[in-house]
Every structure is written in structure tokens, then in C-alpha cells.
Amino acid sequence: MGTMPEQIPLILDVDTGIDDALALLYACASPEVDLLAVTCVAGNVDARRVAWNTRAVLEVAGRGDVPVVLGREQPLVKPLVTTPETHGPTGLGYASLPEPSRALEHSEAADRIVELARTRPGEITLVTLGPLTNLAVALEREPALPSLLKGFVLMGGAYKAPGNTTPTSEWNLHVDPDAARAVFAAWRPDLDGPPMDLPLAMGLDVTEHAILRPGHLGALARRAGASLADAGAMASEPLRLAGSVAANPVLRFIGDALRFYFEFHEQYDGFYGAFIHDPFAVAAALDRSLVFTQPVFVDVETGPGLAHAMTVADWRGTTGQPSNLDVAVAANADAFMERFIDRVGGLAEARSGVAR
Ligand code: RIB
Ligand code: CA
């Protein structure tokens, strides 16, 4: 019996979507994670659908005990724009999951983030995987939140890389640039205030190196104990679910969700596979050695035009502003993919006997 690794208390803020779902599975498969709550925000799909998807995915992972909290259903200023073409009309691609048995929590996301941070000052890491609306509201309610959290990691932005939504902007920030601008401003160092770590920004610069391909799915199925033939079907193009893979609730969910996501990337990015942005952000939150970062001052363009929602990084220090983000500029994506396959494959193996 191995010793329990030192626990990392986490709050995940999600817009579940397919890669958010993979991030939830990765967190549930990581023994060092103490998942305190998952808060939901409108983004890939509407917030109530996000909350349904999140509870359903947690139950696939056997973690129906984790509190799921509904958050903001609209961005701070802009009207909500979702992306059914990327994640499917339900947000989980072709996957269909049983109705979750756990009810939504009665509190609201921003309040729950503030409450948890206040009760465990300096202990909790917040990882945001969608638009920053909930965090912006939490900061309005508790301006000291940056010093109450142990850490903050975001999947969002494009700091040297091109955008994926417009030439200059990444999706999470494009949905709610006003929230992102307020959040980045809140982490500007206060020379008179307590020292605090800068947020780790996992932008497209590194998350687009986390490319899941059919071969990875085959390896994940084998890690879960599937036969060579069944794993081979999952590694084919288009991917197919057969035998023990189809019977495994985690593998079946991953296969049905990713079949949609791979078709999207084939159409829009020219390869049959998927950028798995969100689980990479969770993995880096758990192990900073996966990334190489540079501190930099970043602001967000909230005005109109081609630079709308752009993360403007002052790499040459021309503004004289102190750094407010630690931006991941390089990463060990191969090490992450291996860990993703091992951990999520291990979770699938552990869930293989559960009928869902
Ligand atoms: O740009 C990628 C991000 O937008 C990911 O978090 C994905 O889930 C979508 O929300
Ligand atoms: Ca997301």
C-alpha cells in the first residue's frame, strides 16, 4: 500500500465542454488532488448545461461526491456566445450520459470560491478552464482573494501565439474579455501588500502542443486493460468503440466525446486529433515542472476591432508596469501526454467493472 501523496486542495472552474471533461477525469485520476468543488460558468455551452455535464462526468469517474456549483450564465458585458460546432449541442460531443443523481449546490459559484478561500487561507489552488466571469465576480466580492488563494492557474489567452477564435484572441477570453481584464488587474503586485505568486497562464502557446491523437487513445485503452483488438479499434481513424472498450463507462465516454472533437479538429485544423487544453492546465497546476514560464505584464483589449479580447503581453517592458502573470512559454507536452494516458487509463481500469 503506497503512502498517500501530499494533498493539493483544488477548485476547478469549468465550462464543460469536451476538454473540460477530460480535465475533470484527469483531476479525479490524480491521487494528490483534493477536489473541493467544481464551479460552472457559461462558455462552450450555457451554464446550466455546463453544470449538468460536469455532474454527469464526475459520476462517470465515480466522484458524485464532489460539490458542483452553478455560476454566471452571462459574461459581464458581452452577450453570451457558445460554440456548439466545437463541443456539440450538448457540450460533450456524441457522448450521452445518464442523468446525474447529485443535485446542484444551493450556493453560487463566486460565493463558494470566496467562502472556501476564506476558510482555508493560503491552501487552495484555483484552476479556471473557461471564461473568467465567476472569478471576476468573486474578486468584486472579496478583493483580497489573490492573497487568500495559494495559487491561480488559468487556461486562457495567447501570449505569443495566434488566437483560435479571432487572429488575436483565444476562446475563453473572447467570451468575456471584461472579466479577464478585471482578473489580470487584480493580480497586479501591490508594492505595499502581501507578496503573492503570480497566476500561471496556460495559453495556446503551450496548450496547442498537447495534441491527443488516435494512437494515444489506443494506449489509454490498453492501460485500462482493453484487448489489443479493442484498443486498435479505438486507435483507428475514424475511432471505433468495440468490445471491452465499449463496455467500459470511462472509455466509452472518452470515445464518444472525442469522435466529435476529432471531427471538429479535422475540419478546422486539418488533423484527426484534438488539442486538449484544459487537462494540460490542470496537470501544470499539479506539477509546475511541466512548464517553463516568464513573468510579464499582460492587459486585455476590451474594445472593438481586430485586437478585441487580445491578451497584450508587454514582453519588452515598454509600459513599465510590473509583471502580473507568469506565462508558460514552453512545456513538456510529451511528459504530460504520458501522464494523461497513465492516469486516465488507470481511472478507466478502476471503473471497468461499473455498469453505467
Ligand atoms: O481555447 C480553448 C479553451 O476554450 C478551452 O478551455 C476549451 O474548453 C474552450 O473553453
Ligand atoms: Ca474550457
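The values are calculated or read from the model by the stated rules, or taken from the named source; none is laboratory data. Everything quoted here is computed from the prediction, not taken from an experiment. Positions of Cβ are generated from backbone atoms using ideal geometry, with glycine treated the same way; all protein chains shown enter the neighbour counts. Protein only, heavy atoms only, side chains kept; ligands, DNA and RNA dropped before computing areas. Shrake-Rupley method; radii C 1.70, N 1.55, O 1.52, S 1.80 Å.
Given the condition under 30 Å from P304 (Cβ atoms), surrounded by 18 or more Cβ atoms within 10 Å (Cβ to Cβ) and of a type in the set (A, V, I, L, M), answer yes or no: does some residue in the range 95-111 qualify?
yes
Which ones in the range 118-132 are farther than 11 Å from K150 by Cα and more than 16 Å from ligand 2 (Cβ to nearest atom)?
Answer for the range 118-132, where residues must be farther than 11 Å from K150 by Cα and more than 16 Å from ligand 2 (Cβ to nearest atom): R118, T119.
Being in contact (Cβ under 8 Å) with a residue 24 or more places away in the chain and within 26 Å of V77 (Cβ to Cβ) is true for just one of T133, T125. Which residue is that? Spell out how you get there, then give the answer.
Numbers: T125 fails: within 26 Å of V77 (Cβ to Cβ).
Result: T133 is the single residue among T133, T125 that is in contact (Cβ under 8 Å) with a residue 24 or more places away in the chain and within 26 Å of V77 (Cβ to Cβ).
Among the helices (runs of 4 or more DSSP H) contained in the range 230-324, which hold 1 or more residues that are under 21 Å from the mean Cα position of the chain (by Cα)?
Filter on the range 230-324 gives 249-269, 277-286.
Within the range 253-295, how many residues are of a type in the set (F, W, Y), within 16 Å of ligand 2 (Cβ to nearest atom) and more than 14 Å from A333 (Cβ to Cβ)?
3
Out of the residues in the range 199-227 that are closer than 30 Å to G151 by Cα and either open to solvent by 10 Å² or more (accessible area, probe 1.4 Å) or free of Cβ contacts under 8 Å to residues at least 60 places away in the same chain (or both), which is nearest to ligand 1 (Cβ to nearest atom)?
E208
Please find, among G71, G91, the residue that is at positive phi and in contact (Cβ under 8 Å) with a residue 60 or more places away in the chain.
None of the other options fit; the residue is G91.
Which residues, taken from the range 116-131, are of a type outside the set (A, V, I, L, M), over 18 Å from E32 (Cβ atoms) and away from ligand 1 (no atom under 16 Å from the Cβ)?
Listed by number, the residues that qualify are R118, T119, P121.
P238: touching a residue at least 24 places away in the same chain (Cβ under 8 Å) and under 30 Å from G303 (Cβ atoms), yes or no?
Numbers: touching a residue at least 24 places away in the same chain (Cβ under 8 Å): yes; under 30 Å from G303 (Cβ atoms): no.
Considered against the rule, which asks whether it is touching a residue at least 24 places away in the same chain (Cβ under 8 Å) and under 30 Å from G303 (Cβ atoms), P238 comes out as no.
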